Amino acid sequence: MKDLVAIAEKIAALLIARRQTVAVAESSTGGLISAALLAVPGASAYFLGGAVVYTRDARRILMDIPDAAMQGLRSSSEPYARLLASQIRQRFSADWGLSETGAAGPTGNRYGDAAGHSCLAVAGAELTAMTIETGNSDRLANMQVFAAAALDLLLQQLSR
């Protein structure tokens, strides 16, 4: 967690200096991204909220993304990560939306992705997404790597 908080402190400094805000939609990280951002004192200045979108019901209820909007999309994909980031940003009227969706392990998901697969996205001035593959089946290690990668992606976008 300390590694995640170290990245979150850099993000917090940039967001506070710019008077900007972020909202998070995460899946296989189970709240680690939000926890890291909230661990920084003064988080109320930039963190508007987050959701652990781990199931279809969570997607429908927390994100207000109906099944019809999922036509041609699947979880654990860059298009879905972009949708989550855009939707969480819009729902919270945040400057930035950050999302993560993946398969932490120890097995893969029903879509054929191996454990260690995650897609991340940031919605801000631009909408960017990336996929990481750890090649590891260790659930806890993957959750940590996914959260760090998501925070790093946000930091990169903020640093542009």
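The values are calculated or read from the model by the stated rules, or taken from the named source; none is laboratory data. From a predicted model like this one, the values you see are computed outputs, not experimental measurements. Neighbour counts are summed over all protein chains in view; Cβ atoms, including those assigned to glycine, are modelled from backbone coordinates with ideal geometry. Heavy atoms of the whole protein, side chains included, go into the accessibility calculation; ligands, DNA and RNA do not. Shrake-Rupley method; radii C 1.70, N 1.55, O 1.52, S 1.80 Å.
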_Overall form of the range 1-145 per C-alpha gyration tensor (a/c, 1.5; a/b vs b/c)_ = oblate
*With charges only on Cβ, +1 for K and R and -1 for D and E, what is the dipole size of the range 1-71 about its Cα centre, in debye, rounded to 20?*
180 debye
_With DNA, RNA and ligands ignored, accessible area of residue 133 (1.4 Å probe; Å², nearest 10)_ = 110 Å²
_Using the Karplus curve 6.51 cos²θ - 1.76 cosθ + 1.60 with θ = phi - 60°, what ³J(HN,Hα) values do you get for each residue of the range 151-160, in whole Hz, with x for Gly and Pro?_
5, 4, 5, 5, 4, 4, 5, 5, 7, 6
*Highest first, please rank the peptides 135-143, 106-114, 4-12 by the mean number of other Cβ atoms sitting within 10 Å of their residues.*
4-12, 135-143, 106-114
*Which whole-angstrom value gives the distance between the alpha carbon centres of the range 55-128 and the range 137-152?*
16 Å
*For residue 60 and residue 18, what is the calculated FRET efficiency with R₀ set at 25 Å and r taken between the beta-carbons, to the nearest 0.05?*
0.15
*Roughly how many debye, to the nearest 20, is the charge dipole of the chain about its Cα centre, given +1 on each Lys and Arg Cβ, -1 on each Asp and Glu Cβ, and no other charges?*
300 debye
*With a probe of 1.4 Å, find how much accessible area the chain has per residue, and write the answer as a whole number in Å².*
46 Å²
